[in-house]
Amino acid sequence: MRQSVQEVYHRWLALPAEWTPAQRDQFITLETESLDKKAFALAMDLRESEIRRWTGKHSGQHPDHATTVRIHQSAEENAREAVVREHLYSKIPQDSPQPPEPITGVPWDNRWMDHRFRPEPSEAIKELARTVWPDHSSMFRAVAGYLLATRHQEGLDLPTSPNHVLAQTLVAPINQKLGRIGYAGE
């Protein structure tokens, strides 16, 4: 979370020039703590909701320990992403719309990493990402969806199962993108 806060304030939101480095650091720390608290509260709600959904789907049986851990991890990841998007990225001033670079001038392997050029993944592509990488985090699969959608747009091969050669080959660029947005690779 701190890395995202630092990046946003360093890149897009200017802190007062007269602040000392200690004051800037204190502000970043307080902002990070505030967002962490919001993410924690949201994660708790998401966990409870997902466990209720899972229990209802499995005839009232509660999930085992491993499933509960996965639900908790997924809830935390989703909550952090939502809080960063809603409470941090929304503060970034929007530039006046400029005509985007023509899509034909951007190679596909760069296009999928740039929100201006990448296609949104369809439900079928999202489901494919869940199928191919079932043991990866929801954030990993979300990023993978953009990669798969762009490959699909280009008419390139897509992995069809966790054992497909592309399922392993595409992990590296997905992890690279995760690193760029402040998440650990998997």
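Each other residue within a Cβ distance under 10 Å of ASP36 adds +1 if Lys or Arg and -1 if Asp or Glu, for a net charge of +2. Straight-distance candidates among the lysines for linking to LYS177, with alpha-carbon spacing under 19 Å and chain neighbours fewer than 8 residues away dropped: LYS126. Spin-label model, LYS91/ARG180: points 7 Å from Cα along the beta carbon direction are separated by 2.4 nm. For Cα extents along the principal axes in Å, the value calculated from this model appears in (i) 57, 49, 26; (ii) 79, 47, 28; (iii) 87, 35, 30 under label (i).
Please work out the C-alpha center-to-center distance from region 123-166 to region 58-73 and express it in whole Å. Here the two parts' Cα centres lie 24 Å apart.
The numbers here are math on the coordinates, done by the rules we state, and not lab data. The shown structure was predicted, so the numbers you read here are calculated from the model rather than taken from an experiment. Note that we place each Cβ from the backbone using ideal geometry, even for glycine, and neighbour counts take in every protein chain shown.
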